[in-house]
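Colleague: Before I ask anything, here is the structure I am working with.
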Amino acid sequence: MIHWCYRIASLLFLFLLVACSSTAPRLDKMAPLPGNFTCRVAVLPFMGTGGYPRGAELFNKVFSTELVSAAAFQVVQEGDVLDLYRQLTIFPTQEPTLEQLKIIGSRLGVQLFIGGDVLRMVERRSGRQVVTELTVVLRLYDGRTGKLLWETYYKRRGKDYRAIMHFGRINTITGLARRMSKEIINLWLEQGMNQCSK
């Protein structure tokens, strides 16, 4: 009897350990951040290949909102970025060239850009549960040179946040995007983006 109780307790502990464990975003640094940079950043329109209608636009809005909420940055208005895209005849679904990035950076007065791709976005019902999954790659660029500085890859599912008895599970793609955005921004702050000058 004690043996079975010990075994059940061990399985429960293992289940909790797996359920509560989380993977962190993977950050690759190609170059250091510019020295003594300002906190003014611009979020470029994200590219979408994830098969979810307007998924890139949804993630862009959620990420921008979380970036503003972090209160560590002055985020350029989305409309100002899109106005420059129109002036330079760049479609929101295409990536700007290096020269276009330099022009956008000088006109907006930013030293950092954030761009990225939504590689996969899923929200579907499976029985009595909702399956959510999101895979993104975010890139940080130098606003003056257009040079790629950092790249962050992150893949999560709503059930990855499940604690015991399904509590904590994220059942909407917006909720998952919000949670992942916070985790990416927190990682960036820990890695030095909090050292900008006001």
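Colleague: Counting just the residues of segment 49-74 that are closer than 18 Å to Val136 by Cβ and touching a Leu at 6+ places or on another chain (Cβ under 9 Å), which one comes out surrounded by the most Cβ atoms within 10 Å (Cβ to Cβ)?
Modeller: Per the criteria, the residue is Phe59.
Colleague: Let me ask something additional. Has segment 136-157 got at least one residue that is over 25 Å from Met30 (Cα atoms), buried (at least 20 other Cβ atoms within 10 Å of the Cβ) and modelled with pLDDT of 90 or more?
Modeller: No - not one qualifying residue is present in segment 136-157.
Colleague: Would you check if there is a residue in segment 31-49 being part of a helix (DSSP H, G or I), modelled with pLDDT of 85 or more and touching a helix residue (DSSP H, G or I) at 6+ places or on another chain (Cβ under 9 Å)?
Modeller: no
Colleague: Still on this structure: Could you tell me whether any residue of segment 80-93 is surrounded by 13 or more Cβ atoms within 10 Å (Cβ to Cβ), in contact with a helix residue (DSSP H, G or I) (Cβ under 7 Å, 6 or more places away or on another chain) and touching a residue at least 40 places away in the same chain (Cβ under 8 Å)?
Modeller: Yes, segment 80-93 has at least one match.
Colleague: Before we move on, is Ile90 modelled with pLDDT under 95 and in a helix (DSSP H, G or I)?
Modeller: Here the answer is no, as Ile90 does not meet what is asked.
The values are calculated or read from the model by the stated rules, or taken from the named source; none is laboratory data. Because the structure is a prediction, the values reported are computed rather than measured. Here the Cβ is made from the backbone with ideal geometry for all residues, glycine too, and neighbour counts use every protein chain on show.
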